[in-house]
Amino acid sequence: MAAVPRSSLVTRSTDNPAALFRSPRRITVTLAHHTYEQLQQRCDREGRSLSNLAAFLLEVGLQEASEGVRIALTAPAAAARH
């Protein structure tokens with residue numbers, strides 16, 4: 001009996017791109033304290049969870065990047081000083 005390569009025995013969800021859209025994925029990120037505080041304040045204002053807001057902001061950022069929308073990397077006030 002011939003040995004079957006392990007890769008053919010394992011089916012990963014990434015083998016099917018459509019499967020990625022069906023099941024949410026969890027990630028862990030490390031944020032600067034100031035960034036965390038800003039996110040938490042926005043969560044409080046909008047009545048959202050931190051996880052929900054972070055996911056939303058990532059999705060919007062990725063969508064804007066794929067559409068060629070330029071995202072400012074510095075705050076407008078900081079940019080004006082330079």
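Observations, loosely collected:
- Extending 7 Å from Cα along the Cβ direction at Arg22 and again at Ser49 yields two label points whose distance is 2.3 nm.
- Leu62 versus Tyr36: modelled label distance in nm, points set 7 Å from Cα along the beta carbon direction: 2.4
Every number here is computed from the coordinates shown, using simple stated rules; none is lab data. Fair warning: this is a prediction, and the values are worked out from it, not measured in the lab. For neighbour counting, all protein chains shown are included, and Cβ atoms are generated from backbone atoms with ideal geometry for every residue, glycine included.
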